[in-house]
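The next block holds one structure in the form of structure tokens; read it before the comments.
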Amino acid sequence: MTSIAIVGAGPQMGLAIARTFGSQGFDVALISRNRDKLDDLVGELGAEGVTAAAFPADVLDRAGLAQALKDAADRFGGIDVLEYSPVGTFGVTTLTAPATTEPSDVEFEMNFQLYGAIAATQAVLPAMRTAGAGTLLYTTGAGSIRPDPRVANVNAAAAALRNWVLNLHNQLADAGTGIQAAHIGIDSSIGVSVIPGIEAARPEQITPLYWDLHTTRRDEAELVFKLGDEGFPRG
């Protein structure tokens with residue numbers, strides 16, 4: 001049986017990714033901070049015939065995150081796909097413009113986005129190398145590619161994550177490891193429009209990109225989702 005670990009699992013993208021892979025027979029490990037919310041997602045997926053389990057962890061606690069991924073691998077006999085997409089919440093994430101950004105504003109985002117992704121990767125990559133197969137997927141907003149001055153600190157960390165992922169893709173591909181690493185940039189609101197008059201994407205419109213990168217587009221380092229232009233490759 002194959003499995004996917006979703007770090008930052010929530011009721012929108014995380015649940016949709018779980019459904020996409022679960023419908024193909026994958027077991028699903030759901031990782032985020034809130035046990036109760038994870039249990040709700042596990043119950044929802046279970047009612048749809050998808051085997052899922054909750055592994056609470058905070059991406060800012062790197063040892064705890066690594067342990068959650070180890071526990072997931074033990075439960076499901078390994079992790080074939082890692083998807084990393086934690087989202088900050090109001091009251092936790094501070095949004096800053098470029099000229100008013102302090103080092104601490106970027107430091108928090110780097111811990112949340114880049115360093116958490118590196119910690120998650122190091123927890124699963126050795127076993128993937130041994131198996132000679134695996135998929136590593138990382139999600140950011142499209143500000144990692146086309147910065148928005150209203151969220152300069154978030155964009156800076158997302159761009160750092162994107163840069164690291166593209167480098168990782170090249171290294172793994174050049175070494176012939178059989179492991180795919182790729183970045184997905186989402187150039188859209190998800191679920192609910194945050195800009196009046198601008199349509200938001202439904203999560204299920206976006207998740208086919210993740211399945212394609214895992215299956216048929218393994219040579220591509222990046223896909224960008226935009227309504228009306230799904231799956232436009234960049235990089």
* Go ahead and run the numbers for FRET between Glu107 and Gln24, Cβ-Cβ distance against an R0 of 41 Å, rounding to 0.05. => 0.60
* Just Val42, Val81, Val151 to compare: in a GNM of the chain, with alpha carbon springs under 10 Å, which one fluctuates most? -> Val151
* **Å² of accessible area per residue within region 12-123, as computed with a 1.4 Å probe and no ligands counted** => 48
* Taking the DSSP beta bridges in the chain as the whole, what percent of them are antiparallel, to the nearest 5? -> 5
* Structure fact -> Counting only protein heavy atoms and leaving out ligands, DNA and RNA, the solvent-accessible surface of Phe112 at a 1.4 Å probe, in Å² to the nearest 10, equals 20
* Accessible area (Å², 1.4 Å probe, nearest 10) - Arg19 -> 90
* Determine the calculated [θ] at 222 nm for the chain from helices alone, applying -39500 (n - 2.57) to every DSSP H run no shorter than 4 residues and normalising by the residue count; nearest 500 deg cm²/dmol. => -12500 deg cm²/dmol
* To do: Work out Dmax and Rg for the chain from the C-alpha atoms and quote the Rg first, both in angstrom.
  => 16.7, 50
* **Fraction of accessible area attributable to carbon and sulfur, region 63-217 (%, probe 1.4 Å)** => 56
* Asked: With every protein chain left in place, what is the accessible area of Leu227 in Å² (1.4 Å probe, nearest 10)?
  -> 50
* Asked: Where is the GNM fluctuation largest for the chain (alpha-carbon springs, 10 angstrom cutoff): Ala18, Ala63, Ala29?
  -> Ala63
* Asked: With contacts defined as alpha carbon pairs under 8 Å and 6 or more residues apart, what's the relative contact order of the chain in percent?
  -> 18
* To do: Taking amide H positions as placed in the peptide plane 1.01 Å from N, state which residues far from Ser3 in sequence (5 or more) or on other chains have amide H under 5 Å from it.
  => Asp27, Asp80, Val81
* Can you list residues whose amide H is under 5 Å from Ile186's amide H, if they're 5+ apart or on another chain and H is modeled 1.01 Å from N? -> Thr140, Gly141, Ala142, Phe225
* Order of exposure, largest accessible area first, which applies to Val154, Val124 with probe 1.4 Å -> Val154, Val124
* Asked: Where Lys and Arg each count +1 and Asp and Glu each count -1, what net charge lies around Ala159 among other residues with Cβ under 12 Å from its Cβ?
  -> 0
* Structure fact -> Most fluctuating of Gly43, Gly143, Gly176 in the GNM of the chain (C-alpha, under 10 Å) is Gly176
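The values are calculated or read from the model by the stated rules, or taken from the named source; none is laboratory data. Bear in mind that the values here come from a model prediction, so they are computed numbers and not experimental data. Ideal geometry is used to build each Cβ from the backbone, glycine not excepted, and the neighbour counts take in all protein chains shown. Heavy atoms of the whole protein, side chains included, go into the accessibility calculation; ligands, DNA and RNA do not. Shrake-Rupley method; radii C 1.70, N 1.55, O 1.52, S 1.80 Å.
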